[in-house]
Amino acid sequence: MSVAAPPTHAAARAVAATKIYGSGDTAVRALDAIDVTFEQGQFTAIMGPSGSGKSTLMHCMAGLDRVTEGQVLIGETDLSTLSERDLTLLRRDNVGFVFQAFNLVPTLTAIENIMLPMDLAGTAGDSDWVDEVVGATGLADRLKHRPSELSGGQQQRVAVARALAGKPQVIFADEPTGNVDLNTGAEILGFMRNAVDEMGQTIVMVTHDAVSASYADRVVFLVDGQIVDELADPTPERIRAHMNQLGA
Amino acid sequence: MLRLGIKSLLAHKVRFALTASTIVIGVAFVVASFVTADSLRSGFDQLAEDINTGTDYTVRGELPFGEITEATAPAVPAELVDDIAAVDGVEIAKGGLFVDGVIPVDGNGEAVTTFGPPVAGTNWLEDESLSQFYLMEGRWPVGGGEFAIDITTFEDDGYDFELGGTYQIVTPTGPREFTLTGAAQFGFPENAGVGAIFSLFDTATAQEVLGFPGEFTVISVRAEAGADIAELQTRIEAVLPDGVEVITAADSEEEFSDATETFIGPFQTILLVFAFIVLFVSMFIISNTFNIVLGQRVRELSLLRAVGATPQQVRRSVLTESAIIGIVASVAGLGLGMLGALGIKSLFNALGASLPEGSLPLTLRTVLWAVAVGVGFTVLASLVPAIKASRISPVAGLSEGTTSEERASLGWKRLVSGGVLLVVGLVLTGLGLFGDFDGATPQLSTLGAGAAITFVAVSVLSPLVARSVVSLLARPLQWIMPISGRLARANAARNPRRTSATAVALTIGLALVTMVSIVGQSLKVSFGDRLASAVNADFIVSVNTQAGLPKTLSSDIRAAGIGTPVGFDFDLVQIDSSGADVQATVVQSTLTAASVSDLDAVVDIGVTEGTLDGFDPQTGLLIHSNVAGDEGLALGDEVDLTFVSGDRRTVTVTAIFDGSAFWSNWIIDSALYEQVATTAFDDIVLVRSDIDDPEAARAAIDEVMTGYPQAVLEDRQEFQESVESSLNTVLVLVNVFLGFALLIALIGIVSTLTLSVFERIREIGLLRAVGMTRRQMRRMIRWEAAAVSLYGAVVGVVLGGAFGMATVAAIPDDIIDTVSIPAAQLVLFLVISVAFGLIAALFPAFRASRMNVLDAIADE
Ligand SMILES: Nc1ncnc2c1ncn2[C@@H]1O[C@H](COP(=O)(O)OP(=O)(O)O)[C@@H](O)[C@H]1O
Ligand SMILES: [Mg+2]
């Protein structure tokens, strides 16, 4: 029998990840020794009160920021070993990110925004895949438009498509529906759900909203920088019940 | 509102420091101009006083017309000294000689030269306070074989002179050998010669070797103590013959300072013109900075309006802000300007023009100007942004979005106002170039106003085309650097108003540089063509000193059997053609004297009417067809010439020519001119060689020229090259000054780009988040700047090209008759502009690439 290889189906992992802002008396422990694994092909929602460290976790996992202690791995790559430049290249090639707002470069058209990471890498990408992603956005007729000519929901769909287009190992989305109305939010969430189900993508999303979180396969609850609870196959009702428990 | 203005300034320290620096440079320029000119004035005034100490009157030949600075006055008879000395009340009267172009040659065979001040021969007087020469070393020279030299040259390590040594001196009567007996200082206590070089002889020797036997060029007179200066002047006048005048020391001093003002004035004006160009360019930068900063402060300003600030209060707060910047910049500019003046002075001294010692006088006038232009230009520049700010509505801040700038209207209002300005600007420019003016000042003012208005018009119109032109110019970028290039191009084109405002500074600088280079190039080509077609001579002998070449040079060349030398002497003449025509006038012009019978050998003046055959040297006159037309002169017409000596001659038009090169419109024979000339120098000598081998010919002329170390021998090619190279020196100097305008443009790009980067912080964060490397980021910003610069440069080159060609067309054909466009140079300008953009972007690009990704994203 050979030595057991570590599970390779983790798209991203945090191991005792700790993030401390500031120092001394004013130090804030935004992440407190978090251990979490995001499996490939899973859609995970992160929930928690404001200031619980959700965004910090997203940023550290996506290579936008570095943890103070512990490890963050994308696939088998330990981010703490990467230089600033390699971290940038990792973001470009292996990670997708969707912000709450301002996801698109205003001077580029929708399709140019979608292709941005690949253009930055100077690669053509997988064109069948890109076609599939673009097709899934339902924006085929608006691709030549600039962000200012798209609605908020359309912009966020383009942003998700941009995150998907490079076939990253994992996509992080920090309140991607926080800035849009309910119907539009449902559109975007449907699109993400679809990307996981049909395209086999891995998505980690922060949200405040129980209905939004119910699109995910799993919900992770964060309080004061620590994971306090988890829920598989969530429904809005179950999520609310958990939240009430935690909020108390 | 004052407090608000100051608060806002403090909040935006860096960008305003950058903005203010452009005004600082402009003010410094103004201050340096005034201080340098004032320093020269006070230095020369002091000098005039020193020179005239101990002398109450100067008696000299009177110029029949013209200014003493333009021509050499005739000499006066030596006997006059005794007549004047005999006048009751005169203590002492002594005759002096002062002749420019007397060149000593040192022990190493090197001719002593200057960059302009005279190299003169003179006589020493026993009365040192009358002559102002004080013996410092050795003894005074006595007799025909001795001389003394001024102490500065004697002590100059660059020259080899020793007491007792024998040295050659090139005099108007030819080269001679003298023994050095002493060294004297001019003026007391300082050596006040302002860089002039003197060879001193005793009076009889001076008269002989300087070519004034029995004459003096000047008689210095001192009155007895307590004499009435005005009354004694009339009594001296009474003993003077016609054509001789007596002036008081006060008159001399005034005349001297008028004379020095003829170069200090233009010098000051030229510096001020450059100063105003710099300030004008700065205005665009400042206006742009205010626009951007106020655009970023829309929320703050609308909040102010919402809580009750009136539009007037908002406007006032902006204007207060700009006034404070103006004052701070003026003070800093004063300091920098003083340093600049110091720099200019040492630069001049390093170039060999020993300016009189003197402090750097900072007058009230200079300070007032500094503050006036510093505050004036800044406030003027902020006027439009201030009005715009006051129109911000109280609810503007509630509607979030891009800055107001990006939604700028580019409508027909802009087109109409820009169009009107452009027409006014071009009409004024055209008027300035082609119109009739009495005097250069109104003409240049019209031209300057026209150009300034045209530039403003261009800046108003530019946003209408900026987007498409920049996109077009920057298109190649995305082929070279797919994504950075595409983003750079898009960023450069995204805000046409800002792009235009940033580029316009470069446009102005480059338009001026382009114009100057087109005029310069056309001048060179016209000169070269003319030299090729009109000059047949094999060699040209010229000289760097003011005085010219002794006429003996051309006879020496002839005597050596080398070929046909023709000396050209240019001098002032008064021409009265009233005998020939009713409408004729009296004009003063430059006269050329040359041996007409030999003229054909060296030049082709292009005779169109009449002939040079059988030309009578005593009565013949050749005129250019232009003056024939202007004065209504035809072949056979008689013309009265009055020379600076006061002599008059009547001559007859025997030929009309239409060629023009270095000779003037009126030509007479040197045989006639010799009888009336006040100096014995040619300005240039052309030689047609009879020796076939050019090397042998050159060697033969060189042999003759050993006696004239100040002379420079060149063949046609070399002559053309050296004229071109002196023209190039002027062009380089002009471009160095215009370089300051480009420096301002550079600062403008840095400041706008820094602000733009700051404004686009979220976008930059986003790009970094999705994987743009720092390098790609820097490249994107650098090439954005390059694209904006290229746009400014292209507009500038086009505009400058048009100005240049119009200027060439306006310059008379006898100076420039060919338009030549230095294409390679213009392309170089464009390349340099791109480089400028790249350099200007270094700092903003660095800042952008170092921006923390999360901070950028978090920015609200
Ligand atoms: N750049 C920062 N500097 C200091 N403290 C920060 C910074 N970013 C976040 N924090 C703090 O870290 C904690 C977690 O913040 P965040 O991750 O933004 O929470 P969430 O996204 O869950 O609302 C909060 O207490 C917040 O104040
Ligand atoms: Mg958050």
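The values are calculated or read from the model by the stated rules, or taken from the named source; none is laboratory data. Keep in mind that this is a model prediction, so the values were computed, not measured. As a convention, Cβ positions derive from the backbone with ideal geometry for all residues, glycine included, and neighbour counts pool all protein chains shown. For the accessible areas, the whole protein counts, side chains as well, though only heavy atoms, and no ligand, DNA or RNA atoms are used. Shrake-Rupley method; radii C 1.70, N 1.55, O 1.52, S 1.80 Å.
With K and R counted +1 and D and E -1, the other residues having a Cβ less than 12 Å from that of A:GLY166 yield a net charge of +1. A Gaussian network model of chain A, with springs between Cα atoms under 10 Å, assigns the largest mean-square fluctuation among A:ILE20, A:ILE227, A:ILE74 to A:ILE20. Rounded to the nearest 20 debye, the dipole size of the stretch B:125-221 about its Cα centre is 260 debye, using +1 on the Cβ of Lys and Arg and -1 on the Cβ of Asp and Glu.
Legend: mean number of C-beta atoms from other chains within 10 angstrom of residue C-beta atoms, peptide B:759-770, equals 5. When the helices of the protein assembly as shown are scored as -39500 (n - 2.57) per DSSP H run of n ≥ 4 and the total is divided over every residue, the value at 222 nm lands at -17500 deg cm²/dmol. Computed about its Cα centre, the charge dipole of chain A is approximately 340 debye, with only Lys, Arg, Asp and Glu carrying charge at their Cβ.
Helix B:412-434 and the longest principal axis of the Cα set of chain B meet at an angle near 0°. Taking all protein chains together, B:MET338, A:MET199 sort by accessible area into B:MET338, A:MET199, largest first [probe 1.4 Å]. Find, among the GluC sites (Glu not before Pro) in the stretch A:1-98, those assigned to loop by DSSP (not H, G, I, E, B) with at most 10 other beta-carbon atoms within 10 angstrom. Passing sites in the stretch A:1-98 are A:GLU76.
Going by alpha carbons, how many degrees (0 to 90, nearest 10) lie between the helix axis of B:694-705 and the longest principal axis of chain B? So the inclination is approximately 60 degrees. Rolling a 1.4 Å probe over the protein heavy atoms of the stretch B:441-514, with every protein chain left in place, gives an accessible area that is 70 percent carbon and sulfur. With the simple model of a label 7 Å out from the Cα in the direction of the Cβ, B:ILE229 to B:SER129 spans 1.5 nm.
In debye to the nearest 20, how big a dipole does chain B give about its Cα centre with +1 on each Lys and Arg Cβ and -1 on each Asp and Glu Cβ?
It works out to roughly 10720 debye.
Percent antiparallel among DSSP beta bridges with both residues in the stretch B:546-709, to the nearest 5? Just about 75 percent of them are antiparallel.
Annotation: amide H of A:THR44 within the under-5 Å range of A:ILE203, A:VAL204, A:MET205, A:ASP217, sequence separation 5 or more or interchain, hydrogens built in the peptide plane.
Peptide A:62-75 shows a mean partner chain C-beta count of 1 within 10 Å per residue C-beta.
Highest mean packing comes first when the peptides A:143-154, B:224-235, B:197-208 are listed by Cβ atoms within 10 Å, giving B:197-208, A:143-154, B:224-235.
Each of B:GLU261, B:GLU763, A:GLU175 has its accessible area taken with a 1.4 Å probe; listed largest first, they run B:GLU261, A:GLU175, B:GLU763. Peptide A:116-122 has a mean shielding of 5, counted as Cβ atoms of other protein chains within 10 Å of each residue's Cβ. Helix B:2-11 against the longest principal axis of chain B: what's the angle in degrees, Cα atoms only, rounded to the nearest 10? Its long axis makes an angle of about 90 degrees.
Counted by Cβ distance under 11 Å from B:VAL460, the other residues give a net charge of +3, where Lys and Arg count +1 and Asp and Glu count -1. Each 10 Å bin from zero holds the following percent of Cα-Cα pairs in the stretch B:61-216: 11, 40, 35, 12, 2, 0.
Pairs of lysines in the protein assembly as shown whose Cα atoms sit within less than 25 Å of one another amount to 6, provided the residues are eight or more positions apart or on different chains.
Note on the stretch B:45-259: dipole from Cβ charges, positive end direction compared against B:PRO77, B:ALA249, B:THR205; the farthest Cα belongs to B:THR205. Between A:GLY22, A:GLY75, A:GLY200, the GNM of chain A built on Cα springs shorter than 10 angstrom shows A:GLY22 fluctuating the most. Can you tally the net charge around A:SER212? Count Lys and Arg as +1, Asp and Glu as -1, for every other residue whose Cβ sits under 11 Å from the Cβ of A:SER212. Every neighbour counted, the sum reads -1. Answer with one residue from B:GLN618, B:ALA593, B:PRO709: the one whose Cα lies farthest towards the positive end of the charge dipole of the stretch B:546-709, charges on Cβ with Lys, Arg +1 and Asp, Glu -1. Checked the options; the winner is B:PRO709.
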